[in-house]
1. Can you tell me which residues in the range 125-147 are in contact (Cβ under 8 Å) with a residue 24 or more places away in the chain and exposed (fewer than 12 other Cβ atoms within 10 Å of the Cβ)?
2. Mind checking which residues of the range 44-76 are touching a helix residue (DSSP H, G or I) at 6+ places or on another chain (Cβ under 7 Å) and among the polar types (S, T, N, Q)?
3. Conditions: (1) modelled with pLDDT of 95 or more; (2) open to solvent by 80 Å² or more (accessible area, probe 1.4 Å). Residue 116 meets all but one. Number of the miss?
4. Mind checking which residues of the range 1-29 are acidic (Asp, Glu) and over 20 Å from the mean Cα position of the chain (by Cα)?
5. For the range 148-167, what are the residues that are free of Cβ contacts under 8 Å to residues at least 24 places away in the same chain and either open to solvent by less than 20 Å² (accessible area, probe 1.4 Å) or acidic (Asp, Glu) (or both)?
6. For residue 3, all conditions in the list (1) among the charged types (D, E, K, R); (2) more than 16 Å from residue 92 (Cα to Cα); (3) open to solvent by 10 Å² or more (accessible area, probe 1.4 Å) hold save one; what is the number of the exception?
7. Which residues, counting only those in the range 10-45, are in a strand (DSSP E or B), open to solvent by less than 20 Å² (accessible area, probe 1.4 Å) and in contact (Cβ under 8 Å) with a residue 60 or more places away in the chain?
8. Starting from the range 52-64, take each residue that is on the phi > 0 side of the Ramachandran plot and list its partners that are part of a loop (DSSP other than H, G, I, E, B), counting only C-beta distances under 7 angstrom and pairs at least six apart or across chains.
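The values are calculated or read from the model by the stated rules, or taken from the named source; none is laboratory data. Quick caveat, the model's predicted, so the values are computed rather than measured. Here the Cβ positions follow ideal geometry from the backbone for every residue, glycine too, while neighbour counts run over all protein chains shown. Note: areas computed on protein heavy atoms with side chains; ligands, DNA, RNA excluded. Shrake-Rupley method; radii C 1.70, N 1.55, O 1.52, S 1.80 Å.
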Amino acid sequence: MREIVLDTETTGFEPSEGHRLVEIGAVELFNHMPTGQHYHQYINPERDMPEEAFNVHGLSEEFLRPQPKFAEVGRAFLDFVDGAKLVIHNAAFDMKFLNFELERAGFPRLKVEVVDTLAIARRKYPGSPASLDALCRRFGIDNSARTLHGALLDSQILAEVYLELMGGRQPDFGLATSGGGRNAGPVDNAWRARPRPTPLPPRLTEAEAAAHAAFVAGMGEAAIWKRYES
């Protein structure tokens, strides 16, 4: 299962009022584990930077002016997310900006499954704060590097939050039952996986495996997927 955990930064709240994307950050998960692959892009919004937005992410008009326009990077973004489920905190906000930029540049809108971690957190912990910072505190995730909002760092932190929201462990692939449903037979607790006669080829290249190792090392010893390293 391929998932892309994604975050954006913008010049404001509404594309209909002339606000634009200025940064996209995304990290790839496969079966809830980071592959080391990521997408990160600063974008020239072709407008000024309001002070309120600058105070959130620290991206100035001067810094963004030489960056590519969305029309120049939209295809690379679509290629990266192609075929994956998107995982976003407050997904409606990011999706409206992404689809606005895609349509404006002549690309198709995103038609993908989207998981909103904000909605999940509100269902699991009704009445409790559900911001990314609040969820980091709840799960003991180190977000000390998050002095300003940044799309790539926030997507990396969100990946850890997402795993905690999904149970803090790898999925069990439904092997606990014989088929599910009311007519399922008794659970066979003695079932054990047997080796394949011919091993499957590795999913990751050596370069991708090295990128994964570097990514995990960069998240520090507190990263939750450290628990699942073999």
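1. Passing the criteria: only 140.
2. Taking the range 44-76 and keeping what is touching a helix residue (DSSP H, G or I) at 6+ places or on another chain (Cβ under 7 Å), we get 44-45, 48-49, 60, 70, 74.
Result: 44, 60.
3. All conditions pass for residue 116, except number (2).
4. Just the residues of the range 1-29 that are acidic (Asp, Glu), to begin with: 3, 7, 9, 14, 17, 23, 28.
Those that are acidic (Asp, Glu) and over 20 Å from the mean Cα position of the chain (by Cα): 14, 17.
5. Just the residues of the range 148-167 that are free of Cβ contacts under 8 Å to residues at least 24 places away in the same chain, to begin with: 167.
Selection gives nothing.
6. (3)
7. If the condition is that a residue be in a strand (DSSP E or B), open to solvent by less than 20 Å² (accessible area, probe 1.4 Å) and in contact (Cβ under 8 Å) with a residue 60 or more places away in the chain, then 10, 21, 23, 24, 25, 26, 27, 29, 34, 35, 36 are the ones that fit.
8. Sorted first by the residue in the range 52-64, then by its partner, the pairs are 58/148.
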